[in-house]
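The values are calculated or read from the model by the stated rules, or taken from the named source; none is laboratory data. These figures come from a predicted structure and were not determined experimentally. FYI the Cβ positions are ideal-geometry reconstructions off the backbone, even for glycines, and counts take in every protein chain you see.
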Amino acid sequence: MQSYLLFRLYGPMAAWGDTAVGEFRPSHDHPTRTATLGLVAAALGIRRDQEETLLSLDRSFNVAIRLDAPGEVLRDYHTTRCRLPNAKSPITHARMN
């Protein structure tokens, strides 16, 4: 008989990042395999720099997801500031996600 780990994630403001293209990074409506791997690894105390241990964990389990309530997309607004070399004032970038 196989062993299973079941857990419920509830995060009304959670974002499950998809592949970023340019300045836009969409989000899935469910946790990705890598997000699930990261949560399990963190619960086991495995650090990000322990690559061999993470690879071993990755090879040792499968993921199945049941999505009960996908929710709605909420767009948020971000600004960033960066100072260019020899610039007298920072450049402000604004974007809508």
Next item on the list: Among the residues of region 27-39, write down those that are without any contact (Cβ under 8 Å) to a residue 40 or more places away in the chain and outside any loop (DSSP other than H, G, I, E, B).
Entry: 28, 33, 34, 35, 36, 37, 38, 39
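Can you say whether residue 94 is at pLDDT 75 or above and not basic (Lys, Arg), as far as the supplied structure shows? Quick ask: steps written out before the conclusion?
Numbers: at pLDDT 75 or above: no; not basic (Lys, Arg): yes.
Against the criterion (at pLDDT 75 or above and not basic (Lys, Arg)), residue 94 does not qualify.
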Notebook entry, point to check: For region 55-65, what are the residues that are surrounded by 11 or more Cβ atoms within 10 Å (Cβ to Cβ) and assigned to a helix (DSSP H, G or I)?
Noted result: 56, 57, 58
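Inspect all residues belonging to region 40-54 and state whether any of them is of a type in the set (D, E, K, R), outside any loop (DSSP other than H, G, I, E, B), surrounded by 13 or more Cβ atoms within 10 Å (Cβ to Cβ) and over 12 Å from the mean Cα position of the chain (by Cα). Before the answer, list the steps.
Filtering region 40-54 down to residues of a type in the set (D, E, K, R) leaves 47-49, 51-52.
This time we only want the ones that are outside any loop (DSSP other than H, G, I, E, B), so: 51-52.
Still in the list and also surrounded by 13 or more Cβ atoms within 10 Å (Cβ to Cβ): none.
So far as region 40-54 goes, no, none of its residues is of a type in the set (D, E, K, R), outside any loop (DSSP other than H, G, I, E, B), surrounded by 13 or more Cβ atoms within 10 Å (Cβ to Cβ) and over 12 Å from the mean Cα position of the chain (by Cα).
Scan 59, 48 and give me the residue that is over 17 Å from residue 9 (Cβ atoms), at pLDDT 85 or above, touching a Leu at 6+ places or on another chain (Cβ under 9 Å) and basic (Lys, Arg).
Values: 59 fails: touching a Leu at 6+ places or on another chain (Cβ under 9 Å).
Unique residue meeting the criteria: 48.
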